[in-house]
Number of protein chains: 2
Amino acid sequence: MTGEVKFLLTEKEIPTAWYNLGADLPFRPEPPLHPKTLAPLGPEDLAALFPPSLIEQEMSPQRFIDIPGEVLDVYRQWRPTPLVRARRLERALQTPARVYYKYEGVSPAGSHKPNTAVAQAYYNRRDGTRRLTTETGAGQWGSALALACSFFDLECTVYMVRVSYEQKPYRKTFMRLYGAEVIPSPSDRTFSGRAIREADPGSPGSLGIAISEAVEDAAGDPRACYSLGSVLNHVLLHQTIIGLEARRQLEMAGERPDFVVGCFGGGSNFAGLAFPFVMDKINGKQIEIYPVEPKACPTLTRSPFVYDHGDTARYTPLLPMYSLGHAFVPAPIHAGGLRYHGMAPTVSQLANEGLIAPRAVSQTEAYQAGVLWARTEGVIPAPETSNALAQVVREAKKAKEEGKEKVIVFNFSGHGLLDLTGYEKYLSGQLSDYELSDDDMAKSTAVFADYPTPQNLKSR
Amino acid sequence: MTGEVKFLLTEKEIPTAWYNLGADLPFRPEPPLHPKTLAPLGPEDLAALFPPSLIEQEMSPQRFIDIPGEVLDVYRQWRPTPLVRARRLERALQTPARVYYKYEGVSPAGSHKPNTAVAQAYYNRRDGTRRLTTETGAGQWGSALALACSFFDLECTVYMVRVSYEQKPYRKTFMRLYGAEVIPSPSDRTFSGRAIREADPGSPGSLGIAISEAVEDAAGDPRACYSLGSVLNHVLLHQTIIGLEARRQLEMAGERPDFVVGCFGGGSNFAGLAFPFVMDKINGKQIEIYPVEPKACPTLTRSPFVYDHGDTARYTPLLPMYSLGHAFVPAPIHAGGLRYHGMAPTVSQLANEGLIAPRAVSQTEAYQAGVLWARTEGVIPAPETSNALAQVVREAKKAKEEGKEKVIVFNFSGHGLLDLTGYEKYLSGQLSDYELSDDDMAKSTAVFADYPTPQNLKSR
């Protein structure tokens, strides 16, 4: 440990390859299955939606994959991001623990999402795509892809859940500012959108519907591909630059981490920080790794390990993952980015194998941690990030009780400047907690009775 | 010049003293005058509003003033801020100019304002103040002071122009999140506020009224002091850390700047970057320094150099400055931070002496530059910052016409994430331009007929 607060790498020290944890897994991961034939998925099954380079990365066995110079040229505007020690938080908690955060909020979109958005835009452009379609709920992902498309001269079409489109006008402006077309979903542009609107003209939309629209739009246009902001291997791969940088910065700080923490919805910010440390753990290092989720959407802590679709309309392949069921509609917590029924297959399988230790926190606990953070460290956390923070605060308090000098590192995945509504509710005492009942859990997962089951399922 | 994009100083290279341009001025600045006696102002005249340390700094003849360790401890969380080369903007403009920006948006409040807010909170706390009062319009300054007060355990009372309070709920939440009390102004808390409300119950408020309320509140409470976010010498002093860092970073980049650019309202972000370069200019370096203002509020480009009050209610001392008249109400441009009738005395006197070359831009030109910037460089500029950007674009285009490799450095004073309404209007073609008519100018400056005139007034 040193006296500094901030650990910076120079532009020349930026990692030049992403890390593919798939190459080091001590078990054989289950394959995704074709949604109709139930046969293991082949590259050709993805060709209608993704460009060849990304399909290759999705299935690559290679340990390190070079980051193209054009992507590094964009990354280096804000990367390597700082690793910062949260000294004022430590003081406020009177803890002997040392807390470090990897600050991804410095990206132009304010979160970690551009790490993969930029890479996806680059590969699509190189492989001849002219337009990308995607969905967005809270707006972080849509914002990042709009930004990346503007850098690589791609058209960008974002299907934004209608209720968010109306409640978050700033997010819409943000995306339009980068030249993206933002369409409230359900829309009249697609078959699936029209079907929903005919049945329910006032439908507020959902992430599931927006995914269906974006997928349908891309599949029907030879100039277009579809882009996803989490869950898939290549997305997690692009995010590993976070953990690769953090490992070197912790070395600069003279620290060996005891705890690695990240929140998760689909898994990409957690994986981005954690995967290089999972490698260390596989190689024998003592290290506890916590993916943190909201109690309102308890994928890793309470749901079954199954084969399920990534979207509500069941267009996507069956993925081996913990899932609340593709028809599950999470309670309206403010951490919109964590409201996802499933979980990245690789992260799911790490949990199934016991290599990571999932935790769940309530919305109130997350906001308490977020406000404590703002008042001590300054930056207002995204509601998603506050979920990780709550777990950090728990461990820092435990270290105090035990009188132990633990080293905690977590992914500060983004700032909350465009998500202040939840804070206003917290300050006014109007924030609600949601916990999924056993009954609702049973209902939403009943669908799995007829689904194939992963072979390497472990009992919990 | 080197191949890098980003020039970073380590935490250990952070400047440890602020630079006081007052020590190097090649002319004798005019003194502020007591608002009633018209005698040159003494330290005792400021004692009701400011703590002794800040009054001393306000009048100090010392060239460098040490930054206290406790202030450096906060600064180093995000300082030194990056100096970044805007390569994608250069490419888009096909200019041989090299454009560098000092990025102050990385602070927790998203702008340069914490540089002085943290220092002011520290000195106030040290000198025994328990509460700070201030005013805010757009919200950048109130946010920064709320943050700083939370770090130094001071109460914070912010009088926020009522129309902004209602139109910008996120800004209010932001300040409350740090524990500040935010009061829509005019309020019933003060004599001046009540007087306005009695005359006009629906008054939307103004910065002038909010200043009067904050000053009155502080003057009437022995536990409280008043805090100002621009204009005064000590505020400009604290901001010089920007320019001190930038000079060293330009050396790292192997560059000598031809143009230094900053937008201004009261003058603090401009001065923060420019003053160390003004020193270079005084010492014989060839360098053009542009303060940039909106055409809707043309202080340095069109108004007279006079003695005027800093506030509408005429509570403050008479300051030697360019002023549109203390009763002037600027048009409702989105760059709220630039809607100020006067200008920092030191900056005013530099303009009067011809050491800096003021420029004015229209609202549309500023937004065009802001959108071009977002689409090439990524970060969305604050509407204020876009005014500086417009001048940068002008110079980059001129360099292209002349085929000259000019080096331009400007202060990217803050991001615009909480100010997206203006961008939405721009994208929808609903943005208006405002230019002050000669008639209105004559009307608002007629008041000066009875005022004392600065002795060293130069003809324009």
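Listing for the model above:
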{"quantity": "Positions within segment B:159-177 being under 23 Å from B:Tyr75 (Cα atoms) and either in contact (Cβ under 8 Å) with a residue 40 or more places away in the chain or open to solvent by less than 10 Å² (accessible area, probe 1.4 Å) (or both), in sequence order", "calculated": "B:Arg171, B:Phe174, B:Met175, B:Leu177"}
{"quantity": "Helices (runs of 4 or more DSSP H) within segment A:123-218 that include 1 or more residues among the small types (Gly, Ala, Ser)", "calculated": "A:140-151, A:162-167, A:191-199"}
{"quantity": "A:Ile196 being of a type outside the set (D, E, K, R) and under 13 Å from A:Thr136 (Cβ atoms)", "calculated": "no"}
{"quantity": "Output for segment B:43-79, where each listed residue is of a type in the set (D, E, K, R) and away from every other protein chain (no Cβ under 14 Å)", "calculated": "B:Glu44, B:Asp45, B:Glu56, B:Glu58, B:Arg63, B:Asp66"}
{"quantity": "Residue in segment A:228-249 that is open to solvent by 50 Å² or more (accessible area, probe 1.4 Å), away from chain B (no Cβ under 14 Å), closer than 26 Å to A:Pro32 by Cα and modelled with pLDDT of 95 or more present", "calculated": "yes"}
{"quantity": "Residue check, A:Thr133 among the β-branched types (Val, Ile, Thr) and either within 14 Å of chain B (Cβ to nearest Cβ) or touching a strand residue (DSSP E or B) at 6+ places or on another chain (Cβ under 7 Å) (or both)", "calculated": "yes"}
{"quantity": "Selected residue [within 14 Å of chain B (Cβ to nearest Cβ), in contact (Cβ under 8 Å) with a residue 24 or more places away in the chain and surrounded by fewer than 24 Cβ atoms within 10 Å (Cβ to Cβ)] from A:Leu355, A:Leu372", "calculated": "A:Leu372"}
{"quantity": "Filtered residues of segment B:1-56 (kept if assigned to a loop (DSSP other than H, G, I, E, B) and among the aromatic types (Phe, Trp, Tyr))", "calculated": "B:Phe27, B:Phe50"}
{"quantity": "Tabulated pairs, segment B:27-46, first modelled with pLDDT under 95, second β-branched (Val, Ile, Thr), C-beta under 7 angstrom, 6+ apart or interchain", "calculated": "B:Pro29/B:Thr346; B:Pro35/B:Thr316; B:Pro43/B:Ile55; B:Leu46/B:Ile55"}
{"quantity": "Residue count, segment A:178-202 (criterion: open to solvent by 60 Å² or more (accessible area, probe 1.4 Å) and within 13 Å of chain B (Cβ to nearest Cβ))", "calculated": "1"}
{"quantity": "Segment B:378-397 - residue that is open to solvent by less than 10 Å² (accessible area, probe 1.4 Å) and farther than 19 Å from B:Ala138 by Cβ and, of those, nearest to the other protein chains (Cβ to nearest Cβ)", "calculated": "B:Gly378"}
{"quantity": "Residue check, B:Phe152 over 18 Å from the mean Cα position of the chain (by Cα), crowded, with 24+ Cβ neighbours inside 10 Å and within 14 Å of chain A (Cβ to nearest Cβ)", "calculated": "no"}
{"quantity": "Odd one out for A:Ser348, checked against (1) touching a strand residue (DSSP E or B) at 6+ places or on another chain (Cβ under 8 Å); (2) farther than 17 Å from A:Gly262 by Cα", "calculated": "(2)"}
{"quantity": "Among the candidates B:Ala144, B:Ala117, residue that is within 14 Å of chain A (Cβ to nearest Cβ), buried (at least 24 other Cβ atoms within 10 Å of the Cβ), in contact with a Leu (Cβ under 6 Å, 6 or more places away or on another chain) and touching a residue at least 60 places away in the same chain (Cβ under 8 Å)", "calculated": "B:Ala117"}
{"quantity": "Qualifying residue in segment A:98-113 (condition: part of a helix (DSSP H, G or I) and touching a strand residue (DSSP E or B) at 6+ places or on another chain (Cβ under 8 Å))", "calculated": "yes"}
{"quantity": "So A:Gly429, is it open to solvent by less than 10 Å² (accessible area, probe 1.4 Å), of a type in the set (Gly, Ala, Ser), within 29 Å of A:Arg171 (Cα to Cα) and within 14 Å of chain B (Cβ to nearest Cβ)", "calculated": "no"}
{"quantity": "Failed criterion for A:Val261 (all others in (1) open to solvent by 10 Å² or more (accessible area, probe 1.4 Å); (2) in a strand (DSSP E or B) hold)", "calculated": "(1)"}
{"quantity": "Residue tally, condition in a helix (DSSP H, G or I) and either among the small types (Gly, Ala, Ser) or open to solvent by 10 Å² or more (accessible area, probe 1.4 Å) (or both), over segment B:276-293", "calculated": "4"}
{"quantity": "Single residue of B:Ala224, B:Ala210, B:Ala214 found to be at negative phi, open to solvent by less than 10 Å² (accessible area, probe 1.4 Å) and touching a Gly at 6+ places or on another chain (Cβ under 8 Å)", "calculated": "B:Ala210"}
{"quantity": "Candidates B:Gly137, B:Gly193 - the one that is touching a Gly at 6+ places or on another chain (Cβ under 8 Å), over 16 Å from A:Arg375 (Cα atoms) and of a type outside the set (Asp, Glu)", "calculated": "B:Gly137"}
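This table checks each residue for (1) of a type in the set (S, T, N, Q); (2) open to solvent by 10 Å² or more (accessible area, probe 1.4 Å).
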site: B:Ile333; (1), (2): no, yes
site: B:Arg339; (1), (2): no, yes
site: B:Met343; (1), (2): no, no
site: B:Val347; (1), (2): no, no
site: B:Thr376; (1), (2): yes, yes
site: B:Ala399; (1), (2): no, no
site: B:Lys406; (1), (2): no, yes
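The values are calculated or read from the model by the stated rules, or taken from the named source; none is laboratory data. A quick note: this is a predicted structure, and the numbers were derived from the prediction, not measured. When we count neighbours, we look across all protein chains shown, and the Cβ atoms used for this are built from the backbone with ideal geometry, even at glycine. Only protein heavy atoms, including side chains, enter the accessible area calculation; ligands, DNA and RNA are left aside. Shrake-Rupley method; radii C 1.70, N 1.55, O 1.52, S 1.80 Å.
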